[in-house]
Amino acid sequence: MQCVVLAAGEGKRMRPLTARRPKVMLPIANRPMMEHLILAARDAGVTDFIIVVGYFEREIRNHFGDGSNFGVNITYVTQRHQLGTGDALRTTAGMVNDRFLLLNGDMVLRRDDIKHLCLMDAPCMGVHETDHPQDYGVVTVEGDRITGLEEKSEYPKSTLVNAGAYLFDPDIFDLLAGITVSGRGEYELTDALASYIREGTLTAYPLTYWLDVGQPWDLLDANKALLSSMDHEQHGTVEEGCTLPDTVSIGKGTVIRAGTYIEGDCIIGEDCIIGPHAYIRGSTAIGDGCHIGHATEIKNSIIMPSTNIPHFNYVGDSIVGSGCNFGAGTKVANLRHDNKTVKVCGKTTGRRKFGAIIGDNVLFGINCSVNVGTLIGSDTRVAPHSLVEGCIEDGSIIR
């Protein structure tokens, strides 16, 4: 069976993390989120993939290549202009010759769900229960038949939502040929599904597991979930005087220096230097080539490759891009004094504890303070002893 993966979009809600990479290449447990999806589909028996690329497509092509390193075959097609999911799928017309899977590239599924979806009769949509259905396409059903699909309703009629996983026959392309531009200025796949719903032929498959990553802080939940379920391997060098459990993965070439304490489920990439006397707390992922140094504490965070947090720093519940450097004594707050839910740029995170979203190549001077709920754009420069808070645009200079 072929599998079409939609991966052409930027992921604007993920800015500034998507300034130099598409959303599907954001790391979760030190792998691009789409890699987790492709590996799950592979383990379910799917070997032929068509990936629809567009925004920063070279990042996807360079990482996955022809798929041979992952045990699959990958073909690419480019969506020149990101005009919606319906338009993205139309770019694969003529490449799909039988029943096929269609998956959004920005989610994580499990092998068994993909395997069971493949065994359903087409057309079929994967659905999932959520406590915030107003953020998704809301699905109503009678038995296993889908009777309605409403996008982002203020008053949702159910808690069941469209999960972005489908099984189709090639006749979906005939329906796509007849859709028009939606109110959002896009060609929506869901408009084509309306014909199936009217005919009563679209069925629902309830997914047992679904990680949707719609906002930057969702990366932390997905990271925690995947770290808790993965197999852990320890390579590199661990000096005497370190404390770490077997739930920590350590990449090749990494050195864990004396006095370092690591707890919980964590992953540390290749060629890192950790410590001496660093404290890495649970649900943390540290990318390749990072330096987490003396008396630095990292908690429940994603640190992307080639970032240095080397002296007397604290980072909690945050996402930090690649190529950043923290001056000595720079710290990121992660808790409001009134214990209220943290907001970022006016949007609620739903979290009592959340630190900052920091883009790529951000440089901090010494003794900077980053307030709770701050968003810092890529290529920002922060002078020593600065307080940083609010929403900072890319390329800003803070004095």
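Could you tell me which of the residues S195, S228, S249, S283 is in contact with a helix residue (DSSP H, G or I) (Cβ under 8 Å, 6 or more places away or on another chain) and outside the structural domain of P133 (by TED's automatic domain parsing)?
Going through S195, S228, S249, S283 in turn, just one is in contact with a helix residue (DSSP H, G or I) (Cβ under 8 Å, 6 or more places away or on another chain) and outside the structural domain of P133 (by TED's automatic domain parsing): S283.
Looking only at residues of segment 7-46 that are among the β-branched types (V, I, T) and touching a Cys at 6+ places or on another chain (Cβ under 9 Å), we find that the one that is surrounded by the fewest Cβ atoms within 10 Å (Cβ to Cβ) is V46.
For segment 93-123, the set of residues classified as farther than 28 Å from I28 by Cα, in contact with a strand residue (DSSP E or B) (Cβ under 7 Å, 6 or more places away or on another chain) and not charged (D, E, K, R) consists of M95, V96, M120, A122, P123, listed by residue number.
Sort out which residues of segment 216-235 are outside any helix (DSSP H, G or I), in contact (Cβ under 8 Å) with a residue 60 or more places away in the chain and out of contact with any strand residue (DSSP E or B) (no Cβ under 7 Å at 6 or more places or on another chain), and write them in order of number. Within segment 216-235, W217, M230 qualify.
Of all residue pairs spaced 6 or more apart or on separate chains, none has beta-carbon atoms under 7 Å together with a first member in segment 381-397 that is closer than 19 Å to T348 by Cα and a second member that is among the charged types (D, E, K, R) and at pLDDT 95 or above.
Of all the residues in segment 273-297, those that are surrounded by fewer than 24 Cβ atoms within 10 Å (Cβ to Cβ) and of a type outside the set (F, W, Y) number 14.
Scan segment 344-376 for residues that are assigned to a strand (DSSP E or B) and in contact (Cβ under 8 Å) with a residue 12 or more places away in the chain and report the count.
In the first step, residues of segment 344-376 are kept if they are assigned to a strand (DSSP E or B); the result is 344, 347-348, 353, 356-358, 363-364, 369-370, 374-376.
Right, trim to in contact (Cβ under 8 Å) with a residue 12 or more places away in the chain and you get 344, 347, 353, 356-358, 363-364, 369-370, 374-376.
Matching residues across segment 344-376 total 13.
G185: among the small types (G, A, S) and under 23 Å from V53 (Cα atoms), yes or no?
In short, yes.
Residues in segment 139-180 that are free of Cβ contacts under 8 Å to residues at least 24 places away in the same chain and among the β-branched types (V, I, T) were compared, and the one that is surrounded by the most Cβ atoms within 10 Å (Cβ to Cβ) is T140.
Within segment 252-285, track down each residue that is within 19 Å of L26 (Cα to Cα) and either in contact with a Cys (Cβ under 6 Å, 6 or more places away or on another chain) or touching a residue at least 40 places away in the same chain (Cβ under 8 Å) (or both). Break it down into steps so the answer makes sense when it comes.
Of segment 252-285, the ones within 19 Å of L26 (Cα to Cα) are 266-270, 283-285.
Scanning segment 252-285 gives I267, G269, S283, T284, A285.
Residues in segment 377-399 that are assigned to a strand (DSSP E or B), surrounded by fewer than 20 Cβ atoms within 10 Å (Cβ to Cβ) and more than 23 Å from the chain's Cα centre (by Cα): R381, L387, I397, I398. Of the residues making up segment 314-346, those that are within 16 Å of I298 (Cβ to Cβ) and either acidic (D, E) or outside the structural domain of I376 (by TED's automatic domain parsing) (or both) number 1.
The values are calculated or read from the model by the stated rules, or taken from the named source; none is laboratory data. Since the model is a prediction, treat every value here as computed from it, not as a measurement. Using ideal geometry, Cβ is built from the backbone for each residue, glycine included, and neighbour counts are taken over all protein chains shown.
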